[in-house]
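Peer 1: Please read through the structure below; I'll follow up with questions.
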Amino acid sequence: MSQNLQPKVQTAGLRGSHVLVTGAGTGIGRAIAERLAREGAVLSLLARDAARLEGVADSQGAPKPFVAACDIRDRAATARAVEQACRVHGPLYAAVANSGIGGSNEPGEGDRFDDLVATNLTGTYNTLRAAQAHLMPAKNGRRHLLATASILARIGVAGYTGYCASKAGITGLVRALAAELAGEGVQVNAIAPGWVNTDMAWEGIDGIAKGTGSTQKEAYQMAMSDVPLGCMGEPEQVAGLVAYLLGPDALGTTGQCIDMNGGAFMH
């Protein structure tokens, strides 16, 4: 008897569960939102650009995701946005703190270090603390807080002090929060993607090309020479990892940073 091996459009894994996703307008964040919607989650989406979020929300079925523009560097504004989301969709099952910015920074005038840390690390902290205050009651089972780190949390790259420091800080934040909230049944984890096929990644490739006087294709080949699997990942693959970590198969996984980088960093 032949079997239908096509993936299901929707599963019951997260059906009806309220999940907050920040940075959901593009790239990995959008892929996460789309995957969790297929899993049946009820979504709240935050980012600086509300128009992009509306586009993501309009592509999904009912119930339509709650959408709000929010600068996660602003702790009070983040708390208000999460509170508003929970007034619409109820307490949270999970929050995915994915918002962040990339790029290099150099010492001297115009150094972006403060902005990188304020967005990637402090903004992640603001998001997770705001979400923590609105998690569903413990009697309803496990709850989840998840943050997006990076392979640059694991390795140092010249000229990327702000990005490396901010993403490494996320791993420490996750471990501390996991220990702090374990008694309440909250699982806290991070993911650390490597090269992923997003606009941010291609900006990095273009930076390599500019710095080495090479073409974009040559720069891509240089970057992939450090990746044993030899290619970028796709946002949808990262979204699948997120769905796993928020699901029942990851019960007991907490305080971890899960690497997904094609073998570029192994430990």
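None of the figures in this text is laboratory data; all of them are computed from the coordinates on show. Quick caveat: nothing in here was measured; it's all calculated off a predicted structure. Using ideal geometry, Cβ is built from the backbone for each residue, glycine included, and neighbour counts are taken over all protein chains shown.
Peer 1: Set the Förster radius R0 to 30 Å, insert the Cβ-Cβ distance between residue 266 and residue 64 as r into 1/(1 + (r/R0)^6), and round the FRET efficiency to 0.05.
Peer 2: 0.10
Peer 1: Another one. Taking only DSSP H segments of four or more residues, each worth -39500 (n - 2.57), what value at 222 nm results for the chain once the sum is divided by all its residues, to the nearest 500 deg cm²/dmol?
Peer 2: Value at 222 nm, helices only, nearest 500: -12500 deg cm²/dmol.
Peer 1: Using 0.36 nm per residue of separation minus the Cα-Cα distance, give me the extension gain between residue 87 and residue 236 in nm, one decimal.
Peer 2: Result: 50.7 nm gained on full extension.
Peer 1: When the chain is fully extended, how far beyond the present Cα-Cα distance does residue 203 get from residue 80, taking 0.36 nm per residue of separation?
Peer 2: Length difference between fully extended and current span is 41.0 nm.
Peer 1: For 93, 244, what's the fewest-to-most ordering of other Cβ within 10 Å of each Cβ?
Peer 2: In increasing order of surrounding Cβ atoms, one gets 244, 93.
Peer 1: For region 172-194 and region 28-61, what is the separation of their C-alpha centers, rounded to whole Å?
Peer 2: If you average the Cα positions of each part, the centres end up 23 Å apart.
Peer 1: On to the next question. For 225, 150, what's the fewest-to-most ordering of other Cβ within 10 Å of each Cβ?
Peer 2: Ranking 225, 150 by Cβ neighbours within 10 Å, fewest first, gives 225, 150.
Peer 1: What does the extension gain come out to for residue 138 and residue 54, with contour length at 0.36 nm per residue minus their alpha carbon separation?
Peer 2: Additional length available on full extension: 27.1 nm.
Peer 1: Mind running the shape call on the chain? Use the C-alpha gyration tensor, a ≥ b ≥ c as the square roots of the eigenvalues: rounded below 1.5 for a/c, prolate if a/b tops b/c, oblate otherwise.
Peer 2: prolate
Peer 1: With +1 on each Lys and Arg Cβ and -1 on each Asp and Glu Cβ, and nothing else charged, work out how big the dipole of the chain is about its Cα centre, in Debye to the nearest 20.
Peer 2: Rounded to the nearest 20 debye, it is 920 debye.
Peer 1: Can I ask one more? Mind checking which aspartates and glutamates have their C-alpha under 17 Å from residue 64, skipping anything on the same chain fewer than 8 residues away?
Peer 2: Excluding near neighbours in sequence, the set is 34, 39, 54.
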